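Just below is one structure, and these are the notes that go with it.
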Amino acid sequence: IAGITQAPTSQILAAGRRMTLRCTQDMRHNAMYWYRQDLGLGLRLIHYSNTAGTTGKGEVPDGYSVSRANTDDFPLTLASAVPSQTSVYFCASSQGPLTGELFFGEGSRLTVL
Amino acid sequence: AQKITQTQPGMFVQEKEAVTLDCTYDTSDPSYGLFWYKQPSSGEMIFLIYQGSYDQQNATEGRYSLNFQKARKSANLVISASQLGDSAMYFCAMREGVGGSYIPTFGRGTSLIVHP
């Protein structure tokens, strides 16, 4: 089934540990995004990539890094997790930076203790 | 300042009635797109409807329509003939070209509850 796959779906992590959330899409979309969703705050953009090889910072990039080595994969890394990074993380993609709706993954629920 | 404002944290509607969810936006970019997404309790994000800034007609998709008032910078979602399955969070979003970045920005959402 075409779409976006995120892994893991859920994870409990000790503070200070490194964590990578994986995101893979098979739609050959150029643009990809990482959002975090927190109650009452909606979805806030962490990082984005308009095309393979390029990335940019969103609204809340601190403590996170991304890479876009190819079209399909867009991993999000927390170098040293802190409790404030407890959230639900959504990966999304669109055909182009200004074309098409965003397709979302199922989300990854991360708890940092 | 928020790019997308959804002023209704929660809304209630009777089944089979119509409901309007408000969304206002802020941009100086002449080219932008507006989206609505539904998030049921299961958590997935479901695309509902899209309106481009240059579109002359209001977008419609089945029971969903977007009341686009460009001068007022509003893009309200109208759901006709509400169903129990419409109970969910609804997010308004905008994609604009900010220095070429085309970042999609979401509002904080409106929780809709449909009563039988």
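The values are calculated or read from the model by the stated rules, or taken from the named source; none is laboratory data. Nothing here was measured: the structure is a model prediction, and the numbers come from that model. So basically every Cβ, Gly included, is an ideal-geometry build from the backbone, and we count neighbours across all protein chains shown. Ligands, DNA and RNA are excluded from the accessible area calculation, which covers all protein heavy atoms including side chains. Shrake-Rupley method; radii C 1.70, N 1.55, O 1.52, S 1.80 Å.
If you check A:A7 against the conditions, is it modelled with pLDDT of 95 or more, touching a Lys or Arg at 6+ places or on another chain (Cβ under 9 Å) and more than 13 Å from chain B (Cβ to nearest Cβ)?
yes
If I filter the stretch A:95-109 for residues that are within 14 Å of A:L13 (Cβ to Cβ), away from chain B (no Cβ under 11 Å) and within 13 Å of the chain's Cα centre (by Cα), do I get at least one hit?
There is no residue in the stretch A:95-109 that is within 14 Å of A:L13 (Cβ to Cβ), away from chain B (no Cβ under 11 Å) and within 13 Å of the chain's Cα centre (by Cα).
Does A:S65 meet the test of being within 11 Å of the chain's Cα centre (by Cα), open to solvent by 40 Å² or more (accessible area, probe 1.4 Å) and more than 10 Å from chain B (Cβ to nearest Cβ)?
yes
Would you confirm whether any residue within the stretch A:11-23 is surrounded by 21 or more Cβ atoms within 10 Å (Cβ to Cβ) and touching a residue at least 60 places away in the same chain (Cβ under 8 Å)?
Yes, that holds for at least one residue.
In the stretch A:24-37, which residue that is open to solvent by 10 Å² or more (accessible area, probe 1.4 Å) and in a strand (DSSP E or B) is nearest to the other protein chains (Cβ to nearest Cβ)?
Out of the qualifying residues, it is A:Q37.
Run B:A59 past the list (1) at negative phi; (2) in contact (Cβ under 8 Å) with a residue 40 or more places away in the chain; (3) not polar (S, T, N, Q) and report the number of the one that doesn't hold.
(2)
Only one residue in B:Y64, B:Y32, B:Y54 is within 14 Å of chain A (Cβ to nearest Cβ) and touching a Gly at 6+ places or on another chain (Cβ under 9 Å), so which one is that?
Answer to the selection: B:Y32.
How many residues are surrounded by 21 or more Cβ atoms within 10 Å (Cβ to Cβ) and farther than 19 Å from A:T99 by Cα when one looks only at the stretch A:43-62?
Final tally of qualifying residues: 2.
Residues checked against (1) in a helix (DSSP H, G or I); (2) within 14 Å of chain B (Cβ to nearest Cβ); (3) under 19 Å from B:F106 (Cα atoms):
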position	(1), (2), (3)
A:L21	no, no, no
A:R44	no, yes, yes
A:Y48	no, yes, yes
A:T54	no, yes, no
A:V60	no, yes, yes
A:A69	no, no, no
A:F90	no, yes, yes
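Only one of B:A75, B:A59, B:A81 is farther than 24 Å from A:G3 by Cα, in contact with a Gly (Cβ under 9 Å, 6 or more places away or on another chain) and among the aliphatic types (A, V, I, L, M). Can you tell me which?
B:A59
Could you check A:G40 against (1) under 15 Å from the mean Cα position of the chain (by Cα); (2) under 14 Å from A:S87 (Cα atoms); (3) part of a loop (DSSP other than H, G, I, E, B) and say which number it fails?
(1)
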